[in-house]
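Engineer: Following this message is one structure expressed as structure tokens.
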Amino acid sequence: MKRKSLATIIICIISVMILAGCGMATESNSADKPEAVEEDAEIAEDSEKEAEDSDDEDDQKAHEKKSKKKASKKAEEIEEPVALTKSECEDEIEKLMNTEPITPENAELLLEMANCVPSAWIDESGVIFSEMDNEYKERLRMEFFDLIFYGGPELSEATAKNFDPSSGVPLEDVEEICRELYGEDDFTSGEYEDVKDGCLFPTFGAGDAIHVIEHMQIFEDGDYCLLSGPMICISDYEGDRFEGYGDILFVKNPDSRYGVTLLYGRCRDEVMGISSVETSSTLPASKDKSYAAENLIDNDYTTVWVEGASGDGIGETITIHLDKEQTVFGVQIVSGYTASYKQYNDNGVPTAFSADFGGGAIAEGSLEDYYISEDYSVEDLAAFNRSRIELDKPATTDTITITITGAKSGAKYDDTCASEVWVY
């Protein structure tokens, strides 16, 4: 009985000791667990953050890719006008001139824009408008603002601003208009443009000669428009003068309020080739002077044709034969014996004309009555005695007959004289 109790006690003591040891181990493990859990949490948090960063980076790349794709698509939808070199502009003009002329819906707007141009580049053989010297840009701007202030309804409506010349034009509007009108990227006011209080006040010359392109024909393709026609110098002090042909190239531009931007302009110093000229009568040569019809096409104001019929020459004719059949807008004739004031004053001067271009196309013209001074040079006499005889619509012809329908006798002779004739 005692042995059994002693054994039981020993077994109990050993069990307690084992249990105590297990308890210590358990307590020790419990003390270490929070650190492990915290470390595991940190690792998990770092992993989650890395995943988030990776997702953000992926989202950013995806956004950039999407933006680039969107921009690329937008660029495809609205293509920026492509800048051309002068030689490329010349090539484009030649290509367009080989197409048939048209009358687009914006024809009047194009004509008004073209009328801003010639005085700005008349001295140039060809120029990209955005690359002109500021002096020429200023003249273009003056013509533009003159039109929208005083007589360019299509330009005024397209500009969509009711500017008052007395209040000036805000510079931010000027810069935007110039960029859309002719591609200006660095607006600088000129000598005749007054800038004050943040506004531009253009000035306008009075009585200066202007240059316009008349009888314009319009050609276009998908990217460009071309206006082409005879260039005329119009002066308050002397007769109008034909000066060759003007070509104005526009690039189509959906970002411009005008739908186009002026790109390039040139003047072709050309006249139509005349193969021969004949007249209904000719005054016989006197000494070493010839008054033959050929004097009308020798580009010399000191040589003249003189009609040989009795009276003042009314009803006499000049027939011009072109070197080929072509589109003709009109003729210009220089009246009088323009070699000197005395010869001009002594001889008769034709003052009115009728021109038959064939096919029923007939036009009339007359000489302006200017004061002629004895101090005038040969060039002055020619300048003040020019007459244009123009058609409303161009004709295709190779023969033109001019009839004198009015004349005034000279102080000494009634023989009617003319020194030059051109066809354009």
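Here is a yes/no grid of residues against (1) closer than 23 Å to residue 326 by Cβ; (2) among the hydroxyl-bearing types (Ser, Thr, Tyr); (3) more than 39 Å from the chain's Cα centre (by Cα):
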| position | (1), (2), (3) |
| --- | --- |
| 356 | yes, no, no |
| 365 | yes, no, no |
| 372 | no, no, no |
| 375 | no, no, yes |
| 381 | no, no, no |
| 388 | yes, no, no |
| 411 | no, no, yes |
| 417 | no, no, yes |
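Engineer: I'd like to check something: does region 285-295 contain any residue that is modelled with pLDDT of 95 or more and in contact with a helix residue (DSSP H, G or I) (Cβ under 9 Å, 6 or more places away or on another chain)?
Structural biologist: no
Engineer: Condition check: crowded, with 22+ Cβ neighbours inside 10 Å, farther than 20 Å from residue 289 by Cβ, among the small types (Gly, Ala, Ser) and modelled with pLDDT of 95 or more. Does residue 355 satisfy that?
Structural biologist: For residue 355, the condition - crowded, with 22+ Cβ neighbours inside 10 Å, farther than 20 Å from residue 289 by Cβ, among the small types (Gly, Ala, Ser) and modelled with pLDDT of 95 or more - is met.
Engineer: Does residue 248 qualify as being touching a Gly at 6+ places or on another chain (Cβ under 9 Å) and surrounded by 19 or more Cβ atoms within 10 Å (Cβ to Cβ)?
Structural biologist: Yes.
Engineer: Now, a different point. So, residue 289, is that one surrounded by fewer than 19 Cβ atoms within 10 Å (Cβ to Cβ), closer than 30 Å to residue 313 by Cα and of a type in the set (Lys, Arg) or not?
Structural biologist: Against the criterion (surrounded by fewer than 19 Cβ atoms within 10 Å (Cβ to Cβ), closer than 30 Å to residue 313 by Cα and of a type in the set (Lys, Arg)), residue 289 qualifies.
Engineer: Here's something else I'd like to know. Report every pair of residues separated by at least 6 positions or lying on different chains whose Cβ atoms are under 8 Å apart, first residue within region 269-282 and within 22 Å of residue 241 (Cα to Cα) and at pLDDT below 95, second part of a loop (DSSP other than H, G, I, E, B) and among the aromatic types (Phe, Trp, Tyr).
Structural biologist: Sorted first by the residue in region 269-282, then by its partner, the pairs are 271/424; 272/424.
Engineer: Inspect region 132-146 for any residue being modelled with pLDDT of 90 or more, of a type in the set (S, T, N, Q), within 20 Å of residue 255 (Cβ to Cβ) and surrounded by 15 or more Cβ atoms within 10 Å (Cβ to Cβ) and give the result as yes or no.
Structural biologist: No, region 132-146 contains no residue that is modelled with pLDDT of 90 or more, of a type in the set (S, T, N, Q), within 20 Å of residue 255 (Cβ to Cβ) and surrounded by 15 or more Cβ atoms within 10 Å (Cβ to Cβ).
Engineer: Within region 377-384, can one find any residue that is part of a strand (DSSP E or B) and among the β-branched types (Val, Ile, Thr)?
Structural biologist: No; the residues of region 377-384 include none that is part of a strand (DSSP E or B) and among the β-branched types (Val, Ile, Thr).
Engineer: A further question on this structure: For residue 224, state whether it is assigned by TED's automatic domain parsing to the domain that holds residue 107, among the aromatic types (Phe, Trp, Tyr) and closer than 18 Å to residue 144 by Cβ.
Structural biologist: no
Engineer: Suppose we filter region 106-153 for residues that are closer than 14 Å to residue 262 by Cβ and of a type in the set (D, E, K, R); how many remain?
Structural biologist: Counting residues in region 106-153 that are closer than 14 Å to residue 262 by Cβ and of a type in the set (D, E, K, R) gives 7.
Engineer: Also: Look through 375, 380, 398 and report the one residue that is surrounded by fewer than 19 Cβ atoms within 10 Å (Cβ to Cβ), under 22 Å from residue 269 (Cβ atoms) and either in contact (Cβ under 8 Å) with a residue 40 or more places away in the chain or assigned by TED's automatic domain parsing to the domain that holds residue 278 (or both).
Structural biologist: Just one listed residue meets the conditions, 380.
The values are calculated or read from the model by the stated rules, or taken from the named source; none is laboratory data. The model shown is predicted, which means the values in this text are computed figures rather than measured ones. In this analysis, Cβ positions are derived from the backbone assuming ideal geometry, glycine residues included, and neighbour counts consider all displayed protein chains.
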